[in-house]
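Asker: Before we start, here is the structure in question, set down as structure tokens.
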Amino acid sequence: MTRRVEVTPAAVAVIDKLKALHGPLLFHQSGGCCDGSAPMCYPRGEFRVGGRDVFLGTIADTPFFIGAAQFEYWSHTQLIIDVVPGRGSGFSLEAPEGVRFLTRSRVFSDDEVDSLPDPVPGDVWAEAVLA
């Protein structure tokens with residue numbers, strides 16, 4: 001099955017380190033301020049997802065969300081979460097580690113689009129998982 005979000009091995013290593021330091025995590029890909037469209041990593045209890053967020057899947061056993069407005073623009077692409085040297089300017093947990101998460105993407109084929117699961121609103125995910 002085609003996944004809406006994937007992760008590189010280098011990013012998995014950083015995620016695993018952050019989980020060891022901070023416990024369960026959550027990613028949110030916004031299109032807003034701070035780091036623009038950078039994926040942001042938070043302790044799971046410190047970012048509240050809602051009906052204007054879309055659950056894309058998990059990376060390294062960590063839920064990944066995107067703002068609904070961004071999803072409209074990127075729904076035809078697979079997001080690939082990577083990590084690169086450098087420091088982002090936002091509140092993402094990896095900043096003190098001297099790296100930043102980066103979103104790469106590729107366009108889905110027509111067959112892949114047909115096989116994608118329906119997107120799940122963030123509040124529906126939260127009710128099912130956090131209840």
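The values are calculated or read from the model by the stated rules, or taken from the named source; none is laboratory data. Every value quoted in this text rests on a predicted model; they were computed, and no experiment measured them. Glycine gets a Cβ as well: all are built from the backbone with ideal geometry, and neighbour counts include every protein chain shown.
One line per residue, one yes/no per condition, for (1) at pLDDT 90 or above; (2) within 21 Å of residue 125 (Cα to Cα):
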| site | (1), (2) |
| --- | --- |
| 8 | yes, no |
| 13 | yes, no |
| 20 | yes, no |
| 35 | no, no |
| 72 | yes, yes |
| 75 | yes, yes |
| 85 | yes, no |
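Asker: Same structure again: Mind telling me which of the residues 54, 12 ends up being without any contact (Cβ under 8 Å) to a residue 60 or more places away in the chain and either of a type in the set (A, V, I, L, M, F, W, C) or part of a loop (DSSP other than H, G, I, E, B) (or both)? Give the derivation first.
Answerer: Details: 54 fails: without any contact (Cβ under 8 Å) to a residue 60 or more places away in the chain.
Result of the check over 54, 12: 12.
One line per residue, one yes/no per condition, for (1) in contact with a Phe, Trp or Tyr (Cβ under 8 Å, 6 or more places away or on another chain); (2) surrounded by 15 or more Cβ atoms within 10 Å (Cβ to Cβ); (3) among the acidic types (Asp, Glu):
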| site | (1), (2), (3) |
| --- | --- |
| 28 | yes, yes, no |
| 45 | no, no, no |
| 67 | no, yes, no |
| 76 | yes, no, no |
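Asker: Something else: Taking only pairs six or more apart or across chains, which ones have beta-carbon atoms under 7 Å, a first residue in the stretch 83-99 that is farther than 11 Å from residue 15 by Cα, and a second residue that is surrounded by fewer than 18 Cβ atoms within 10 Å (Cβ to Cβ) and basic (Lys, Arg)?
Answerer: Between residues of the stretch 83-99 that are farther than 11 Å from residue 15 by Cα and residues that are surrounded by fewer than 18 Cβ atoms within 10 Å (Cβ to Cβ) and basic (Lys, Arg), the close pairs are 95/87; 98/87.
Asker: Could you check how many residues of the stretch 81-123 are small (Gly, Ala, Ser), in a helix (DSSP H, G or I) and surrounded by 13 or more Cβ atoms within 10 Å (Cβ to Cβ)?
Answerer: Our first condition is that a residue be small (Gly, Ala, Ser); within the stretch 81-123, this holds for 86, 88-90, 92, 95, 98, 105, 109, 115, 122.
Remaining after also requiring in a helix (DSSP H, G or I): 95, 115, 122.
Still in the running and surrounded by 13 or more Cβ atoms within 10 Å (Cβ to Cβ): 95, 122.
Number of matching residues: 2.
Asker: Scanning for something at pLDDT 90 or above and over 12 Å from the mean Cα position of the chain (by Cα), does the stretch 52-68 turn up at least one residue? Reasoning before the result, please.
Answerer: At the first step, the residues of the stretch 52-68 found to be at pLDDT 90 or above are 52-68.
Restricting the remaining residues to those that are over 12 Å from the mean Cα position of the chain (by Cα) gives 52, 68.
Scanning the stretch 52-68, I find at least one residue that is at pLDDT 90 or above and over 12 Å from the mean Cα position of the chain (by Cα), so the answer is yes.
Asker: Where residues in the stretch 22-31 are over 18 Å from residue 105 (Cβ atoms) and without any contact (Cβ under 8 Å) to a residue 60 or more places away in the chain, which of them is nearest to the chain's Cα centre (by Cα)?
Answerer: Step one: of the stretch 22-31, the residues over 18 Å from residue 105 (Cβ atoms) are 22-26.
Retained after the next criterion (residues that are without any contact (Cβ under 8 Å) to a residue 60 or more places away in the chain): 23-24, 26.
Values: 23: 17, 24: 14, 26: 7 Å.
The qualifying residue nearest to the chain's Cα centre (by Cα) is 26.
Asker: Let me ask something else about it. When the stretch 98-122 is examined, which residues are found to be within 22 Å of residue 42 (Cβ to Cβ) and either in contact with a Ser or Thr (Cβ under 9 Å, 6 or more places away or on another chain) or at pLDDT below 90 (or both)? Before the answer, list the steps.
Answerer: To start, the set of residues in the stretch 98-122 that are within 22 Å of residue 42 (Cβ to Cβ) comprises 98-105, 119-122.
Hits for the stretch 98-122 are 100, 101, 103, 104, 105, 119.
Asker: Okay, next question. Do you know which residues across the stretch 68-80 are part of a helix (DSSP H, G or I) and of a type in the set (A, V, I, L, M, F, W, C)? Full working, then the answer.
Answerer: Of the residues in the stretch 68-80, the ones part of a helix (DSSP H, G or I) are 68-74.
The answer is 68, 69, 71, 74.
Asker: Assigned to a helix (DSSP H, G or I), under 22 Å from residue 106 (Cβ atoms), aromatic (Phe, Trp, Tyr) and in contact (Cβ under 8 Å) with a residue 40 or more places away in the chain, is that true of residue 65?
Answerer: On the way: assigned to a helix (DSSP H, G or I): no; under 22 Å from residue 106 (Cβ atoms): yes; aromatic (Phe, Trp, Tyr): yes; in contact (Cβ under 8 Å) with a residue 40 or more places away in the chain: yes.
No, not satisfied.
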